[in-house]
Amino acid sequence: MVPRLLLRAWPRGPAIGPGAPCRSLSADSRPGQYLQHSIVPTMHYQDSLPRLPIPKLEDTIRRYLNAQKPLLNDGQFRKTEQFCKSFENGIGKELHKQLVARDKQNKHTSYISGQGFDRHLFALRHLVAAKGIVLPELYLDPAYERINHNILSTSTLSSPAVNLGGFAPVVPDGFGIGYAVHDDWIGCNVSSYPGRNAREFLHCVEKSLEDIFDALEGKSIKA
């Protein structure tokens, strides 16, 4: 199921369905407007962005545990913490060295650091599979499986050459959300497998956007 939501700079109307108009989006240059024009192309500075290094393994483990703590009880967290420490002080060290070596050989790529940890741990898991190594306990931990069960998976590719795109959910009970923000319209495609109501979810997206617009215009949020 792949319903579509489009919010365009046209008169108000139903928001669900291909090409459906909804709400006007201002794109002038006055302060407080939703969208502002720029003479600089979107990808203009892409080549000059700094290349981000692979974060230290201990930093990734710390961020991972910080993300897990609110989701687990004390017993579950201690168990997950043990798996992490065993991985960090064991096979994880060697895998991380190999990952850094690969990174040095591929200067055209870049790993995201900041508060992220998932791509780093995923890359290490890929090395485990590629080398036929027994999967470390960290990756067998139910807590790792739960935190990587992404109900909402989103992506965007805003370009004058692309009207609207989409993709499938990454888990059976999830939603795949492809969205785009242009000068005069915002849109998204939402896909789901049987058992999930993508159209109902899309109505919630519409309501959220309407609430944002109302707040920006100084109007009361409708219940």
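When you go through Val128, Val170, Val100 one by one, which is the residue that is assigned to a loop (DSSP other than H, G, I, E, B) and closer than 25 Å to Ala67 by Cβ? Break it down into steps so the answer makes sense when it comes.
Details: Val128 fails: assigned to a loop (DSSP other than H, G, I, E, B); Val100 fails: assigned to a loop (DSSP other than H, G, I, E, B).
Selected residue: Val170, the only one of Val128, Val170, Val100 that is assigned to a loop (DSSP other than H, G, I, E, B) and closer than 25 Å to Ala67 by Cβ.
Name every residue in region 131-158 that is outside any helix (DSSP H, G or I) and touching a residue at least 40 places away in the same chain (Cβ under 8 Å), in order of residue number. Break it down stepwise before answering.
Of all residues in region 131-158, those outside any helix (DSSP H, G or I) come to 132-136, 141, 148-158.
Across region 131-158, the qualifying residues are Ile133, Pro136, Asp141, Ser158.
Checking Ile177, Ile133, Ile147, Ile186 one by one, the residue that is open to solvent by 30 Å² or more (accessible area, probe 1.4 Å), touching a strand residue (DSSP E or B) at 6+ places or on another chain (Cβ under 8 Å) and of a type outside the set (D, E, K, R) is Ile186 and no other.
Select from region 80-93 the residues that are surrounded by fewer than 16 Cβ atoms within 10 Å (Cβ to Cβ) and either in contact with a Ser or Thr (Cβ under 8 Å, 6 or more places away or on another chain) or of a type outside the set (S, T, N, Q) (or both) and write down the one among them that is nearest to Glu145 (Cα to Cα). Before you say what the answer is, go through the steps one by one.
Our first condition is that a residue be surrounded by fewer than 16 Cβ atoms within 10 Å (Cβ to Cβ); within region 80-93, this holds for 82, 85-86, 89-90, 93.
Of the ones still in play, those that are also either in contact with a Ser or Thr (Cβ under 8 Å, 6 or more places away or on another chain) or of a type outside the set (S, T, N, Q) (or both) are 85, 90, 93.
Values: Lys85: 18, Gly90: 21, Lys93: 22 Å.
Filtering region 80-93 for residues that are surrounded by fewer than 16 Cβ atoms within 10 Å (Cβ to Cβ) and either in contact with a Ser or Thr (Cβ under 8 Å, 6 or more places away or on another chain) or of a type outside the set (S, T, N, Q) (or both), the one nearest to Glu145 (Cα to Cα) comes out as Lys85.
Has region 114-127 got any residue that is over 16 Å from Thr60 (Cα atoms), open to solvent by less than 50 Å² (accessible area, probe 1.4 Å) and modelled with pLDDT of 90 or more? Taking every residue of region 114-127 in turn, at least one turns out to be over 16 Å from Thr60 (Cα atoms), open to solvent by less than 50 Å² (accessible area, probe 1.4 Å) and modelled with pLDDT of 90 or more.
On the stretch given as region 187-223, residues that are among the charged types (D, E, K, R), in a loop (DSSP other than H, G, I, E, B) and farther than 27 Å from Pro169 by Cβ total 3.
The values are calculated or read from the model by the stated rules, or taken from the named source; none is laboratory data. Computed from a prediction, not measured in an experiment: that's the story for all the values here. When we count neighbours, we look across all protein chains shown, and the Cβ atoms used for this are built from the backbone with ideal geometry, even at glycine. The protein model used for the area step is the full one, side chains on, heavy atoms only, and it has no ligands, DNA or RNA in it. Shrake-Rupley method; radii C 1.70, N 1.55, O 1.52, S 1.80 Å.
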